[in-house]
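Derivation of every value follows stated rules applied to the coordinates shown; laboratory data play no part. In this text, all values refer to a predicted model and were calculated from it rather than measured experimentally. Don't worry about glycine lacking a Cβ; one is built from the backbone with ideal geometry, like all the others, and counts go over all protein chains shown.
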Amino acid sequence: MKSYHNHFIDIMFYLFFYFNLCRCRNITYPLSLPQVSIVFIFVNEALSVILRSIHSAISRTPSHLLKEIILVDDNSSNNELKEKLQDFVSETNKQRPGFIKVVRHDKQEGLIRSRVSGWRAATAPVVALFDAHVEFNVGWAEPILQRIKEDRTRIISPSFDNIKYDTFEIEEYPLSAQGFDWELWCRYLNPPKSWWHKGNKNAPIQSPALIGCFVVDRLYFEEIGLLDEGMEVYGGENVELGIRAWQCGGSVEVLPCARIAHIERAHKPYTEDLTSNVRRNALRVAEVWMDEFKSHVYMAWNIPMEDSGIDIGDISERKALRKRLQCKTFRWYLVNIYPEMRMYSDTIAYGVLKNSLKSDLCLDQGPDGDNVPILYLCHGMTPQNVYYTQTQELHIGLLSPTIDDDDNKCLVDVNSKPRLTECSYAAAKRMKLHWLLTQGGSIQNKKSKRCLELVTSSSNEFGFQLALQKCTGQKWFITNNTMHSDFC
């Protein structure tokens, strides 16, 4: 065991990092902070990486604050994570009995339910739920525990840096809040203006949601409903927790002086493509928490709001939780917590747009940067998403999630040619961006009176290309509508 431990120390030695500590070093914290249980979740993680995470936690957390470490093995098949890991745990617990606990699942439960398993095994007043591939910085715990001691309804995220999976080089990330787009993929955000106006880079950053890892008062976490165990694998649960915390009387913060580096792995542990899981989980969030704005999630995923064909499971308990906690509306959340989020309540039709002359081809935004819409084989991915608004604009491609992002692209008649232009620019320049669209009818520019139509083309691989011309009665169909009407 001694030689193994020495190897462990060797690989740890060069990984400690010191980003932006100078401005945090002079802050003092009381000794009487609550203790924390650190939970690490893993499935077929490299043993050396797990041990680095453990050693980093022990070395960088004051011993009087770290009550225990809990390892949750979500049914790993790697034998090294059984006997060798258990040897390390047993050796460590000889010095400090019961310090490291191991929870092993008989079947794979996914990250969401694994975190709840770790929480159930924890006994400290505060629980930190992390992946088993992180490195803790000096002084990460004290600012978090202080904020939770002051207000137990705060859910805290550290500020994250990146560990490159191939070189283990530390890459510093800028300070940011944590939010999401309308598909409910989590994303980093610029800190809100209110934070910048304080002029204090150590100040907590109000955050609409969580990226993933977080620290929470153990009993408060139970009071507000833990994580949604009806979700699958992972993806969306962090967004749901942030929304729920804010709507139900709590808050979410990112702390600049609590820094943790996270390995962004080349291969995901559960599945290489989380899309189907995130989509299902996102619809659960939409149906429980987002009120009339649930339509935005369906639109972003290009899913019909009725008869979606996706089984999201039973959400009655989550709806009852919201009622019991007397939570605020999602509109309140958007106005007060996430005002950067764009709203698309004026959308009356969405989906893919097809012409009856060639129903296997869809309107597509075309190559990035070209700003020329094209026809392409229908695949249902984001470049073929179309949104028709009450103001008679046709947005094509990604729905821009926040006001800080690039604007949406609108279909515009430019010198009798179909082009894509940022909607705000087209409106400011009074370009021809308004279209009359009827289901099963034409798409006619309101100003030029030209119609978007298909014309034969021997040079095009599909035999047709888009043109703006005198209307000949071609018929267009868009897959979904929100108004139960034929538009226009």
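Values for this structure:
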{"item": "Boolean, Ser359 is of a type in the set (S, T, N, Q), under 23 Å from Tyr388 (Cβ atoms) and not in a helix (DSSP H, G or I)", "result": "yes"}
{"item": "Candidate set: the stretch 59-73, residues that are outside any helix (DSSP H, G or I) and among the hydroxyl-bearing types (Ser, Thr, Tyr); chosen: the one farthest from Ser90 (Cα to Cα)", "result": "Thr61"}
{"item": "Hits in the stretch 371-399 - residues which are in contact (Cβ under 8 Å) with a residue 40 or more places away in the chain and farther than 17 Å from Ala349 by Cα", "result": "Asn371, Val372, Pro373, Ile374, Leu375, Tyr376, Leu377"}
{"item": "Filtered residue count, the stretch 261-292, keeping only those that are small (Gly, Ala, Ser), under 15 Å from the mean Cα position of the chain (by Cα) and crowded, with 20+ Cβ neighbours inside 10 Å", "result": "2"}
{"item": "Residue count for the stretch 390-413, restricted to those that are surrounded by fewer than 16 Cβ atoms within 10 Å (Cβ to Cβ) and among the β-branched types (Val, Ile, Thr)", "result": "2"}
{"item": "Residues of the stretch 137-196 satisfying the condition of being of a type in the set (Phe, Trp, Tyr) and touching an Asp or Glu at 6+ places or on another chain (Cβ under 8 Å)", "result": "Tyr165, Tyr173"}
{"item": "Pairs with Cβ under 6 Å, 6+ apart, first in the stretch 121-138 and part of a loop (DSSP other than H, G, I, E, B), second small (Gly, Ala, Ser)", "result": "Ala122/Ser37; Ala124/Ser37; Ala132/Ser53"}
{"item": "The stretch 319-375, subset of a type in the set (D, E, K, R), more than 24 Å from the chain's Cα centre (by Cα) and closer than 19 Å to Glu393 by Cβ, residue surrounded by the most Cβ atoms within 10 Å (Cβ to Cβ)", "result": "Asp364"}
{"item": "Any chance Ala467 is out of contact with any Lys or Arg (no Cβ under 9 Å at 6 or more places or on another chain) and of a type in the set (A, V, I, L, M)", "result": "no"}
{"item": "Candidates Ser77, Ser48, Ser56 - the one that is outside any strand (DSSP E or B), over 26 Å from the mean Cα position of the chain (by Cα), buried (at least 21 other Cβ atoms within 10 Å of the Cβ) and of a type in the set (Ser, Thr, Tyr)", "result": "Ser56"}
